[in-house]
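Enquirer: I am attaching a structure below and will ask some questions about it afterwards.
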Amino acid sequence: MNILQVFLDYASALVLPAILVGFPLYGMIRKVRVYEVFVEGAKEGFNVAVMIIPYVIAILFAIGMFRASGAMDFLTDLLRPVVGLIGIPAEVIPMGIVRPLTGSGSVGIILDMINQFGEDSIFVKMAATMFGSTETTFYVIAVYFGAVNIRKTRHAVPAGLIADTFAMLAAVYVVLLLFG
Amino acid sequence: MLNYIWGGLIVLSLVFALTSDVNDFARDTYRNDAPLPVTVTFEDEYSPTARRQRLRIEISDSDLIAHYGDSSMTGGTWEGILLQTSAGREIRFAEGVSLPEPLATICNETGQGDCRGALQGTPTGPEWRSAVTFAPVRWVKMNAIAAAALSFAETAVTLALGLIGGLGLWMGLLKIAEASGMLHALVRVTQPLIRPLFPQVPKDHPALGMIVLNLSANMLGMGNAATPLGIKAMQELQTLNKTEDTATDPMVMLLTMNTASVQIMPPVTLVAIMGLQINQLFFSILITTGLSLVVGITAVKLLGRLKRYREVSP
């Protein structure tokens, strides 16, 4: 472990308790009626969760159908020759397609790949780097925009997908550079 | 664009499912109604009157290959039972046996946890050469997409409701931070860094503080905290929005910074899967996520200048 990692490890372990205690404590020092204010804010949690339900249903059910239809295999075959040209191994294509769509799906793909290629394989490293450096774009859109009832997303989807596509390609090259 | 992608996903799943099912139909992948030769060996003496009897079911390589026309298949022997009723004899594979494709699919589609098929003829001895006919299998993928749609809709509700606790906790804490002036202090300290990315947000606006908290939580891999903080940031940005349903430039920026994910610490799920190996990947993830963040921010800025997106800007 390097020093940066150790520092981050401590930071992420201590930040949460510090906030949980620090916010109310500072509030008390500043004479805020902490309990009353907390409850008032927390009330919103339920409303927000309920508000995002339609958005998350819309996104997840479409993605679920898409996955179940076997379209993923077809897309993998379709992309194989194309991405081969720029040096992307076909083994990591499923991860690239699934990652922006579903979190549980991409976990499943990594586990499959570990079984198939072994933990130390370069393909697993690529897939894990893809997983670690991107998010489930469509779910994030549903939750964040759903919470404020935004339906017209403008350039959020193309920008997110551009960043995702770039991350998928970069993950392959970076892993090749570091481990290849 | 989301409209097209969403509609596209649904239409494409129908197209793929239909293609796959028609293909199965044309090739008769599951050999519906055709008997598959099997050899049944009784564990105990065969009794013509007993209702249930334990047995072993053997399917030879050559029978399987001839039946399904796939030369890569290998047979095997599986445990099961014979069920005799006035309607005929039926074998059931023991629950949880692993069968080769397409048998596994046939069993999944037709059985209720166990795999069953009708046997031809009457037992001739302890080792009986017979043939089994499974219930016909049709529309595998069509059934699958319908089932997936329902189960994912349920998952969506579970996921959303699962957020209530975390959302409530963070919204409460943030309210205290706001009332105590803490958030204001955070905004003043960090806005020189963060405001260039969100120029439309007025100086000293609380949204900037929420954005900083959301991005920091992301960086530290605190996924559970990042979502409520991001939602709170969106709500603050929404107060600056002149429309009700259209995303503003700062909203798109915040969203892209979240989807491009600014994590320095690898996400908890990945750590759980990879174990100690995650240490090797620390730098590859850091470099990739950093680069993709820069690309994401650039994409938002450039796409925002396009006429089609500028025209609808609130």
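Enquirer: Rounding to the nearest 10 and keeping the result within 0 to 90°, find how far the Cα-based axis of helix B:182-194 lies from the longest principal axis of chain B.
Expert: On a 0 to 90 degree scale, this one is about 90.
Enquirer: In addition: Once both axes come from the Cα atoms, what is the angle between helix B:164-179 and the longest principal axis of chain B, in degrees from 0 to 90, rounded to 10?
Expert: For B:164-179 against chain B, the angle is about 10 degrees.
Enquirer: Over the whole of A:28-39, what's the average partner chain Cβ count within 10 Å per residue? Rounded to a whole number, please.
Expert: Whole-number average of other-chain Cβ neighbours for A:28-39 is 4.
Enquirer: Modelled label-to-label distance, A:ILE122 and B:ILE194, 7 Å Cα→beta-carbon offset: nm?
Expert: 4.1 nm
Enquirer: Would you kindly calculate the translational diffusion coefficient of the protein assembly as shown, applying Stokes-Einstein with the Kirkwood radius from alpha carbon pairs, for 10 °C and a viscosity of 1.306 mPa s, and quote it in µm² s⁻¹ without decimals?
Expert: 62 µm²/s
Enquirer: Still on this structure, I have one more. Go through the range B:216-314 and name the GluC sites (Glu not before Pro) that are in a DSSP coil and have 13 or fewer other Cβ atoms within 10 Å of their Cβ.
Expert: Answer by residue number: B:GLU244.
Enquirer: Right, next: Within a 10 angstrom radius of the beta carbon, how do A:SER121, A:SER133, B:SER62 rank from fewest other beta carbons to most?
Expert: Ranking A:SER121, A:SER133, B:SER62 by Cβ neighbours within 10 Å, fewest first, gives B:SER62, A:SER121, A:SER133.
Enquirer: Additional query: When the chain is fully extended, how far beyond the present Cα-Cα distance does B:THR41 get from B:ARG308, taking 0.36 nm per residue of separation?
Expert: Full-extension gain reported as 88.9 nm.
Enquirer: Arrange the peptides B:158-169, B:40-51 so that the one whose residues have, on average, the most other Cβ atoms within 10 Å appears first.
Expert: On the way: B:158-169: 17.8, B:40-51: 12.4.
Final packing ranking: B:158-169, B:40-51.
Enquirer: I want to check the label-to-label distance for B:ASN143 and B:SER71. Put each point 7 Å from Cα in the C-beta direction and report it in nm to one decimal.
Expert: 3.2 nm
Enquirer: Per residue of the range B:102-109, what does 6.51 cos²θ - 1.76 cosθ + 1.60 with θ = phi - 60° give for ³J(HN,Hα)? Whole Hz please, x for Gly and Pro, Karplus curve as stated.
Expert: Listing the rounded values in order: x, 4, 4, 5, 4, 5, 4, 6 Hz.
Enquirer: Just counting partner chain Cβ atoms within 10 Å, what average do the residues of peptide B:192-204 show around their Cβ?
Expert: Taking all residues of B:192-204 together, the mean is 0.
Enquirer: Let me ask something else about it. Can you tell me, using C-alpha contacts under 8 Å and at least 6 residues apart, the relative contact order of the range A:44-179 as a whole percent?
Expert: Normalised by residue count, the contact order of the range A:44-179 is 31 percent.
Enquirer: Apply 1/(1 + (r/R0)^6) to the Cβ-Cβ distance of A:ASP77 and B:GLN280, taking R0 = 22 Å, and write down the FRET efficiency to the nearest 0.05.
Expert: FRET efficiency, A:ASP77 to B:GLN280: 0.10.
Enquirer: Now for a separate question. So which GluC sites (Glu not before Pro) in the range B:103-191 pass both tests, a DSSP loop state and at most 14 other Cβ atoms within 10 Å of the Cβ?
Expert: Passing sites in the range B:103-191 do not exist.
Enquirer: Just checking the output field for B:272-284: average partner chain Cβ neighbours within 10 Å of each residue's Cβ?
Expert: Numbers: counts 1, 7, 8, 1, 1, 6, 3, 3, 6, 13, 6, 6, 16.
Neighbouring Cβ atoms belonging to other protein chains average 6 per residue here.
Enquirer: Right, something else. Sort the range B:164-314 into rounded, prolate or oblate with this rule: let a ≥ b ≥ c be the square roots of the eigenvalues of the Cα gyration tensor; rounded if a/c is under 1.5, and if a/c is not under 1.5, prolate when a/b is larger than b/c, oblate otherwise.
Expert: The shape class here is oblate.
Enquirer: Enter the angle in degrees (range 0 to 90, nearest 10) between the Cα long axis of helix B:249-259 and the first principal axis of the Cα atoms of chain B, meaning the one along which they spread out most.
Expert: With both axes taken from Cα atoms, the answer is about 40 degrees.
Enquirer: On to the next question. Show me the helices of chain A, taken as full DSSP H stretches, that run 30 Å or more along their long axis by Cα and average -0.5 or above in Kyte-Doolittle hydropathy.
Expert: A:3-29, A:34-68, A:156-179
Enquirer: A further question follows. Let me know the Rg and Dmax you get for the range B:258-304 when you use only its Cα atoms, in Å.
Expert: Cα only, the range B:258-304: 12.8, 42 Å (Rg, Dmax).
Enquirer: Apply the Karplus curve 6.51 cos²θ - 1.76 cosθ + 1.60, θ = phi - 60°, to the phi angles in the range B:128-140 and return the couplings in whole Hz, x for Gly and Pro.
Expert: 10, 8, 9, 8, 10, 10, 8, 4, x, 10, 9, 6, 4
Enquirer: Cut-off 14 Å, label point 7 angstrom out along Cα-to-Cβ of A:ASP9: give me the residues of the range B:273-295 whose amide nitrogen falls inside.
Expert: So the set is B:275-282.
Enquirer: Something else about it: At a Förster distance of 41 Å, what's the computed FRET efficiency of B:ALA34 paired with A:LEU85, Cβ-Cβ distance as r, to 0.05?
Expert: Values: r = 44 Å, r/R0 = 1.07.
Calculated value: 0.40.
Enquirer: Shifting gears a bit: For chain A, what does the alpha-carbon gyration tensor say about shape, rounded, prolate or oblate, given a ≥ b ≥ c as the root eigenvalues, a/c under 1.5 as rounded, and a/b over b/c as prolate?
Expert: Working: a/c = 2.75, a/b = 1.53, b/c = 1.79.
Here chain A falls in the oblate category.
Rule-based calculations on the coordinates, nothing more; no lab input. Keep in mind it's a predicted model, so treat the numbers as computed, not measured. As a convention, Cβ positions derive from the backbone with ideal geometry for all residues, glycine included, and neighbour counts pool all protein chains shown.
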